[in-house]
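*Asks:* Dumping the structure here so I can ask a few things about it.
The values are calculated or read from the model by the stated rules, or taken from the named source; none is laboratory data. Computed from a predicted structure; not experimentally measured. Cβ coordinates were reconstructed from backbone atoms using ideal geometry, including for glycine residues, and neighbour counts include every protein chain displayed.
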Amino acid sequence: MRKMRPVSIFVQSIVWTLVFTTFMMGWFPPESTAMLAPADFGLNRLEDLQKVQRVLESKMVQQRLEDVGLTADEIQGRLARLSDAQLHQMANQLDALMPGGDGGLGIVVVLLVIAILVVILFYLLGHRIEVKKN
């Protein structure tokens, strides 16, 4: 059976600092206040319409709408018939979408950060990875 290496004082101090900090953040949550929102909060038709227009101006969205068989006049007519609440809902849903996508850049950045953290952790703990051929 392998003997476990003793953990250095540095690593122990970091672990106990994180434990203490996490405990304190959970025990004493930040103060928060609440207040009523105004009745017309977020229902600005002009801003919502501009947001929808910006998305409709992208070439990819225009091409997809043309493939479906909608002309620019039909689209404008349908937008004009939407109620304020419907237009606001559509604008909020468009905020969550990214028509062009980010090409997976976010995933690549997250994976690189994780890989760098693992390498730093191995270096600080003194572990070595050896690959031996049988």
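*Asks:* Filter the stretch 80-94 down to the residues that are closer than 16 Å to Arg54 by Cα and crowded, with 16+ Cβ neighbours inside 10 Å and list them by number.
*Replies:* Correct list: Leu87, His88, Met90, Ala91, Leu94.
*Asks:* Shifting gears a bit: Say we look at the stretch 95-134 and pick out the residues that are among the hydrophobic types (A, V, I, L, M, F, W, C) and at pLDDT below 80; which of these is farthest from Lys51 (Cα to Cα)?
*Replies:* Val131
*Asks:* May I pose another question? Scan the stretch 91-101 and give yes if some residue there is within 25 Å of the chain's Cα centre (by Cα), farther than 30 Å from Val11 by Cα, polar (S, T, N, Q) and assigned to a helix (DSSP H, G or I), otherwise no.
*Replies:* Within the stretch 91-101 (the criterion being within 25 Å of the chain's Cα centre (by Cα), farther than 30 Å from Val11 by Cα, polar (S, T, N, Q) and assigned to a helix (DSSP H, G or I)), the answer is yes, since at least one residue qualifies.
*Asks:* For a quick check of your reading of the model, give me the residue pairs whose first member lies in the stretch 1-21 and is over 12 Å from Leu125 (Cα atoms), whose second is surrounded by 10 or more Cβ atoms within 10 Å (Cβ to Cβ), with beta-carbon atoms closer than 9 Å and at least 6 apart or on different chains.
*Replies:* Val15/Val7
Residues are listed down the side, and each one gets a yes or a no for (1) closer than 18 Å to Asn92 by Cβ; (2) aromatic (Phe, Trp, Tyr); (3) outside any helix (DSSP H, G or I):
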residue: Ser13; (1), (2), (3): no, no, no
residue: Met24; (1), (2), (3): no, no, no
residue: Met35; (1), (2), (3): no, no, yes
residue: Leu46; (1), (2), (3): yes, no, no
residue: Gln50; (1), (2), (3): yes, no, no
residue: Leu70; (1), (2), (3): no, no, yes
residue: Asp73; (1), (2), (3): no, no, no
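*Asks:* Quick test for you: out of Arg45, Arg78, pick the one residue that is of a type in the set (Lys, Arg) and in contact (Cβ under 8 Å) with a residue 40 or more places away in the chain.
*Replies:* Arg45
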